[in-house]
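Just below is one structure, and these are the notes that go with it.
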Amino acid sequence: RPLVVMQSVSKVFSSGTTALSGMSLTVESGEFISLLGPSGCGKSTALRIIAGLGDITAGKIDWPSSRINSKGLPEGDIGFVFQEPTLMPWKTVFGNVYLPLKLRGISKAEARDRITEALATVNLQDFADAYPRELSGGMKMRVSIARALVTKPKLLLMDEPFAALDEITRQKLNDDVLRLWKTTGITVIFVTHSVFESAYLSNRIVVMKARPGRVHADFPLTTSLERD
Ligand code: ADP
Ligand code: ADP
């Protein structure tokens, strides 16, 4: 079963801006999709809708593989990494990664092993007690990835996650995400402006176009990337 099915989804903001119009996209389990397109074409809006973070104006969206809550939204299966790491400065790395579990009512003692595992996934096992201000931009981003992974989501959504970082850090983080994808069963949707990045990372490139915001082209890259 697919993870997400968007059928002719439109999104008109209360400001009157039409961000999406008739966007259809089916996300199959195990894919690494790059969502590519110019600024303002609706990539972030599409990602937020896929995450269940925004209501839609018309069309239909389903999460056939997820548990659905009383509001009709998927529960717990989706991790989100934003361009800004948005860490709580007064909490340690451990405390920041604990947050999504805390929100689900899981005690710190119960959460400990999962947090340790998530930190190890991004090579931050030695930084659990550090505060965000002590970390580089790349490390903060890795904390943000650990926080997204700690609930063990099936789907990881990344909205231009490394755009603010230098080239070398960005390349390292891209390799980390690729390794994560290859070694776990996770499905990834990665929003980027970079054609290079999309070809390097993904096994499917979905190109969006503005006015109206919808899928313009959809390329499978079946030979370029396989799981180990
Ligand atoms: P909705 O129509 O879904 O209720 P709103 O129009 O109320 O959404 O906007 C939600 C939030 O996004 C508001 O805080 C608003 O200030 C902010 N916002 C408004 N315009 C833009 C924009 N062009 N890009 C990004 N954020 C915006
Ligand atoms: P992208 O991620 O491709 O740059 P966005 O999804 O952020 O595109 O934005 C698509 C369009 O919707 C843009 O015209 C943007 O200004 C507008 N927009 C995004 N968020 C909001 C909002 N909350 N309120 C009003 N307009 C918005």
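Structure data summary
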item	result
Value of relative contact order over the chain, rounded to a whole percent, pairs C-alpha under 8 Å and six or more apart	29
All-pairs Cα distance distribution in the chain, expressed in whole percent, bin size 5 Å	1, 7, 14, 18, 19, 17, 13, 8, 3, 0
Per DSSP, loop trypsin sites (Lys or Arg not before Pro) in the stretch 72-121 with at most 13 further Cβ within 10 Å	R104
Cα-based helix-to-principal-axis angle, 108-121 vs the chain, degrees rounded to 10	70
At 0.692 mPa s and 37 °C, Stokes D of the stretch 1-62 from Kirkwood alpha-carbon radius, µm² per second	273
For the chain, the longest site-free run once chymotrypsin sites (Phe, Trp or Tyr not before Pro) in DSSP loop states with at most 15 other Cβ atoms within 10 Å are removed	91-228
Computed over the stretch 1-53: relative contact order in percent, which uses C-alpha pairs under 8 Å that are six or more apart	33
Dmax and Rg, reported as Rg then Dmax, of the stretch 132-200 (C-alpha, Å)	11.9, 34
Over 32 Å between alpha carbons, listed pairs K108/K154; K102/K209; K43/K152	K102/K209
All lysines inside 16 Å of K60 as judged from Cα atoms, apart from same-chain residues fewer than 8 positions distant	K11, K71
Within the chain, percent of DSSP bridges classed antiparallel, to nearest 5	50
Value of Rg/Rh across the stretch 66-168 [Cα atoms, Kirkwood radius]	0.97
Translational diffusion coefficient (Stokes-Einstein; Kirkwood radius from C-alpha pairs) of the stretch 81-141 at 37 °C, 0.692 mPa s, in µm²/s	277
25 °C / 0.890 mPa s Stokes-Einstein diffusion coefficient of the stretch 1-107, Kirkwood radius on C-alpha pairs, µm²/s	156
Residues of type aspartates and glutamates that K91 reaches as a straight line, Cα spacing below 17 Å, ignoring anything fewer than 8 places off in the same chain	D126, D129, E134
Degrees, to the nearest 10: 167-183 long Cα axis against longest axis of the chain	90
The stretch 17-172, accessible area per residue, ligands and nucleic acids excluded (1.4 Å, Å²)	48
The chain, helix-only ellipticity at 222 nm - DSSP H runs n ≥ 4, -39,500 (n - 2.57), divided by all residues, nearest 500	-9500 deg cm²/dmol
Those lysines that a straight Cα-Cα span of less than 20 Å connects to K172, excepting residues fewer than 8 apart in one chain	K140, K182
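The values are calculated or read from the model by the stated rules, or taken from the named source; none is laboratory data. Every value quoted in this text rests on a predicted model; they were computed, and no experiment measured them. Counting neighbours? That spans all protein chains shown, and the Cβs are built from the backbone with ideal geometry, glycine included. Just so you know, the surface numbers come from the protein's heavy atoms only, side chains and all, with ligands and any DNA or RNA stripped out. Shrake-Rupley method; radii C 1.70, N 1.55, O 1.52, S 1.80 Å.
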